[in-house]
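Structure, as structure tokens:
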Amino acid sequence: MIIVIVFVLIHICAYLYLIYPGSSRKEALKPYEKTYIAHRGLFNNFDVPENSLLAFKKAVDNGYGIELDVQLTTDDKLVVFHDDSLYRMTGIDKNLIECSFEELQEYRLLHTEEKIPLFEDVLKVLTPKTPLIIEIKPEGRSIETTRRVAEMMKSYDGLYNMESFDPRVVRYLKENEPQIIRGQLSYNSVSDPNAHHPLSIRFICTNLLTNFYNRPDYIAYDVNNYRNLSFLIVSRIYRTECVAWTVKSDKEFEKIRKYYNCYIFDSYIPKSEL
């Protein structure tokens, strides 16, 4: 019996160590707690497409922070776009990472006049006080994308941090750009029928078992999965900064707000006070 107890305790301690993010820089993240963050800008995907310059301008004009997605083209241009495929937003059945920026400029976002923007052009729309969350997509050359974004941000005077679903990206920031606030994105990928990675990898990422490896400053976790045990321990016991994605109503916000410190929203205009 004693051996069994010791065995269990060792595994519990190992689990708690693996999910412990370390000492986060909570003070640097305080500005993100004071305003809602507009997911891919303030869009409606009708006349204002997501991740467009127009959506970002509207978010800034309304006093919101911004979350956006960055990918790298074949000619090494940093562009802002979410999906792997261009199809949903442009009708073109091709992956973005297979395209040059010149080719992308031939396409329109959802039949509007908006195009897929350069990341550097998006930065010009923002104010220094606009809280910015930069997601590095894991597709394609994610480490090279991270390196190029980090280099560009050295001349940016505003508030920003970087995050990714890919633990290797967060690790890269820890080792090479430790001054940048870094976040680990996650959700219940174990139950995701569209997930491409092996079940073992999905289990590890769902349960934040890479935190010991990359020591994120914050965890960005899907609001639909907030009851995950690892997330609850990180949020409620370790008191790590946690970012909610993506809140879609005031009712949902009230349900999950005690588990998070910062809130990314879309599909509605928040009325609840932070």
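The values are calculated or read from the model by the stated rules, or taken from the named source; none is laboratory data. Remember, it's a predicted structure, so these values are computed and weren't measured experimentally. All Cβ positions, glycine included, derive from the backbone under ideal geometry; neighbour counts span all protein chains shown.
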- For Val6, which of the numbered conditions (1) surrounded by fewer than 20 Cβ atoms within 10 Å (Cβ to Cβ); (2) of a type in the set (A, V, I, L, M); (3) under 20 Å from the mean Cα position of the chain (by Cα) fails to hold? (3)
- Lone qualifier among Tyr268, Tyr172 - being closer than 27 Å to Asp121 by Cα and loosely packed, with under 15 Cβ neighbours inside 10 Å: Tyr268
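For residues in region 226-243 being of a type in the set (Phe, Trp, Tyr) and within 18 Å of the chain's Cα centre (by Cα), which is nearest to Leu209 (Cα to Cα)?
In the first step, residues of region 226-243 are kept if they are of a type in the set (Phe, Trp, Tyr); the result is 226, 231, 238.
Filter again for within 18 Å of the chain's Cα centre (by Cα), leaving 226, 231.
Working: Tyr226: 16, Phe231: 10 Å.
Among them, the one singled out is Phe231.
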- Task: Considering every residue within region 140-147, establish whether at least one is over 27 Å from Tyr17 (Cα atoms), touching a Leu at 6+ places or on another chain (Cβ under 8 Å) and part of a loop (DSSP other than H, G, I, E, B).
- Result: yes
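Using the structure shown, decide if Val60 is among the β-branched types (Val, Ile, Thr), surrounded by fewer than 20 Cβ atoms within 10 Å (Cβ to Cβ) and in contact (Cβ under 8 Å) with a residue 40 or more places away in the chain.
Values: among the β-branched types (Val, Ile, Thr): yes; surrounded by fewer than 20 Cβ atoms within 10 Å (Cβ to Cβ): yes; in contact (Cβ under 8 Å) with a residue 40 or more places away in the chain: yes.
Here the answer is yes, as Val60 does meet what is asked.
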- For Arg40, all conditions in the list (1) surrounded by fewer than 20 Cβ atoms within 10 Å (Cβ to Cβ); (2) at pLDDT 95 or above; (3) on the phi > 0 side of the Ramachandran plot hold save one; what is the number of the exception? (1)
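Table: residues versus (1) in contact (Cβ under 8 Å) with a residue 40 or more places away in the chain; (2) touching a Pro at 6+ places or on another chain (Cβ under 7 Å).
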{"residue": "Ser164", "(1), (2)": "no, yes"}
{"residue": "Ile181", "(1), (2)": "yes, no"}
{"residue": "Asn188", "(1), (2)": "yes, no"}
{"residue": "Asp192", "(1), (2)": "no, no"}
{"residue": "Leu209", "(1), (2)": "yes, no"}
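Rundown of residues vs (1) hydrophobic (A, V, I, L, M, F, W, C); (2) touching a Phe, Trp or Tyr at 6+ places or on another chain (Cβ under 8 Å), yes/no style:
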residue: Ile181; (1), (2): yes, yes
residue: Ile233; (1), (2): yes, no
residue: Glu254; (1), (2): no, no
residue: Ile264; (1), (2): yes, yes
- Item | Restricting region 9-37 to residues that are surrounded by 15 or more Cβ atoms within 10 Å (Cβ to Cβ) and over 19 Å from the mean Cα position of the chain (by Cα), the residue that is farthest from Leu185 (Cα to Cα) | Tyr15
- Task: Considering only region 144-163, state which residues are crowded, with 16+ Cβ neighbours inside 10 Å and hydrophobic (A, V, I, L, M, F, W, C).
- Result: Val149, Ala150, Met153, Leu159, Met162
